[in-house]
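Enquirer: I have a structure here, written as structure tokens, and I will follow up with some questions on it.
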Amino acid sequence: MKARAQFRAPERVKLRDEDAGATPLRDAQAAKGEVKTREREATAELTARIAEIQEMLYAQRKHKLLLVLQGMDTSGKDGTVRALFRQINPMGLRGVQFKAPSDEELAHDYLWRVHRQVPGRGEIAIFNRSHYEDVLVPVVHGQIDDKERKRRYAHIRDFERMLAETGTVIVKLFLHISRDEQRKRLQERLDDPDKQWKFDRNDIAQRAYWDQYQQAYEQAIMATDAPHAPWYLIPADSKTHRNLIISTLLLEVMAALKLSYPAADPALSELVIE
């Protein structure tokens, strides 16, 4: 089964903790101590191929690729970027991290700051969090009512359709971790002095709303999944397996574009540099 079909969000989404630990691409024959090593090696091979295709994407300047990463705190958004894109030419890659909106951003509609960051021709843009924060945090904390929530879903559907119709390939990933795995990762940050800079006390406050966030994600994914802007549910309790799934999926998406380098200029074949 192709990864795009295997991990595509179903019509009815139910986020369960037990699904976060699934490892469907894991080599069942690998010895226990070799599993992570094999997954890292496989991911490295896939990302090398992604880098080759990305160079064609950049050279051709026809398509645009938007990768949206969403998930609970510690789900691995930063780790995904580090693992998958270290080999890619930075000239054609741009990471965007959306934090709390500034005063200038609040003075505009909530999609204004997002539209400014979408990829240009030949570019891959990675959204570490995204416009979906505006149908998650306000919903969980009661800042918008049900009518406004549905209105924003409609805004997002229209926005993403416009991007797709003007040449943007959209890939939306929900990194699905379990509540217990989040607890372990937060504790690891506290226990390691070199990782305490990653810890934010607000993570603990938001963790108290775990069930509400799961429900908000379920609703948002079901409301905004579309053929031109698909959602994929990525089991993310295992970091190495998460990276293997995403690299497999992303390679499929990029290979389907059937990219090539621009045709050579015949006039240049006679040119000699002295």
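Values quoted throughout were computed directly from the atomic coordinates according to the rules given, and no laboratory measurement underlies them. It should be emphasised that the depicted structure is a prediction, and the values quoted were computed from it without experimental measurement. With ideal geometry, Cβ positions are generated from the backbone for all residues, glycine too; neighbour counts draw on all protein chains shown.
Enquirer: Arrange the following residues from fewest to most other Cβ atoms within 10 Å of their Cβ: 160, 34, 11. Walk me through the numbers on the way to the answer.
Expert: Values: 160 20, 34 12, 11 7.
The order, fewest Cβ neighbours first, is 11, 34, 160.
Enquirer: Just going by the charge dipole of region 3-258, with Lys and Arg at +1 and Asp and Glu at -1 on Cβ, which of 114, 79, 245 is farthest out on the positive end?
Expert: After comparing all options, I get 245.
Enquirer: Oh, and also: Calculated from DSSP H runs of 4 or more alone, at -39500 (n - 2.57) each and per residue, what is the 222 nm mean residue ellipticity of the chain, nearest 500?
Expert: On the way: 11 runs with 123 residues, N = 274.
My calculation for the chain gives -13500 deg cm²/dmol from helical runs alone.
Enquirer: Among the listed pairs 77/184; 36/172; 32/239; 14/184; 77/258, which have their C-alpha atoms separated by more than 18 angstrom in this model?
Expert: Distance filter (> 18 Å) returns 36/172; 14/184; 77/258.
Enquirer: Give the share of C-alpha pairs in each 10 angstrom bin for region 47-183, from 0 to the last occupied bin, in whole percents, shortest bins first.
Expert: In order of increasing distance, the bins hold 11, 38, 35, 15, 2 percent.
Enquirer: Here's a follow-up. Can you tell me the FRET efficiency between residue 166 and residue 210 if r is taken as the Cβ-Cβ distance and R0 is 25 Å, rounded to the nearest 0.05? If you can, show how the numbers build up before the last one.
Expert: Numbers: r = 37 Å, r/R0 = 1.49.
The computed FRET efficiency comes out at 0.10.
Enquirer: Just how large is the dipole of the chain about the Cα centre, in debye to the nearest 20, putting +1 at every Lys and Arg Cβ and -1 at every Asp and Glu Cβ?
Expert: Numbers: 44 positive and 42 negative charges, 80 e Å.
With Lys and Arg at +1 and Asp and Glu at -1, about 380 debye.
Enquirer: What does the C-alpha gyration tensor say about the overall shape of the chain? Classify as rounded when a/c is under 1.5, otherwise prolate if a/b is larger than b/c, or oblate.
Expert: In terms of gyration-tensor shape, oblate.
Enquirer: With angles folded into 0 to 90 degrees, how steeply does helix 210-224 sit against the dominant principal axis of the chain? Use alpha carbons for both and round to 10.
Expert: Computed tilt is about 40 degrees.
Enquirer: DSSP beta bridges in the chain, what fraction antiparallel, as a percent rounded to 5? Numbers along the way, then the final one.
Expert: Numbers: 2 of 25 bridges.
Around 10 percent antiparallel, to the nearest 5.
Enquirer: Taking only Cα atoms, what is the 0 to 90° angle, nearest 10, from helix 146-165's long axis to the longest principal axis of the chain?
Expert: Helix 146-165 sits roughly 10 degrees off the main axis of the chain.
Enquirer: Oh, and also: For a quick check, take a GNM of the chain with Cα springs below 10 Å and name the residue from 33, 95, 79 with the largest mean-square fluctuation.
Expert: Top of the fluctuation ranking is 33.
Enquirer: Now, a different point. If you filter region 149-253 for trypsin sites (Lys or Arg not before Pro), then keep DSSP loop positions with at most 12 other Cβ within 10 Å, what is left? The partial results should precede the final answer.
Expert: Numbers: sites: 149, 150, 151, 152, 157, 161, 172, 179, 183, 184, 185, 189, 195, 198, 201, 207, 239, 242; in loops: 195.
Passing sites in region 149-253 are 195.
Enquirer: Test of the criteria: in region 62-142, which trypsin sites (Lys or Arg not before Pro) are in a DSSP loop and have at most 15 other Cβ atoms within 10 angstrom of their Cβ?
Expert: Numbers: sites: 62, 64, 77, 82, 86, 94, 99, 113, 116, 121, 129; in loops: 62, 86, 99, 116, 121, 129.
Within region 62-142, the qualifying trypsin sites (Lys or Arg not before Pro) (loop, at most 15 other Cβ atoms within 10 Å) are 62, 86, 99, 116, 121.
Enquirer: Here's a follow-up. Could you give the angle, 0 to 90 degrees to the nearest 10, between helix 179-191's Cα long axis and the longest principal axis of the Cα atoms of the chain?
Expert: Between helix and principal axis, roughly 80 degrees.
Enquirer: So how do 222, 72 line up by other beta-carbon neighbours within 10 Å, fewest first?
Expert: On the way: 222 16, 72 25.
Ranked by crowding around the Cβ, least crowded first: 222, 72.
Enquirer: Using the Cα centre of region 172-223 as the reference point, and only Cβ charges (+1 on K/R, -1 on D/E), how large is the resulting charge dipole? Debye, rounded to the nearest 20. Show your work: numbers first, answer last.
Expert: Details: 10 positive and 10 negative charges, 15 e Å.
Here region 172-223 has a charge dipole of around 80 debye.
Enquirer: Which of the listed residues, 93, 177, 266, is farthest toward the dipole's positive end in the chain, when Lys, Arg count +1 and Asp, Glu count -1 at the beta-carbon?
Expert: Projecting each Cα onto the dipole axis, the largest value belongs to 177.
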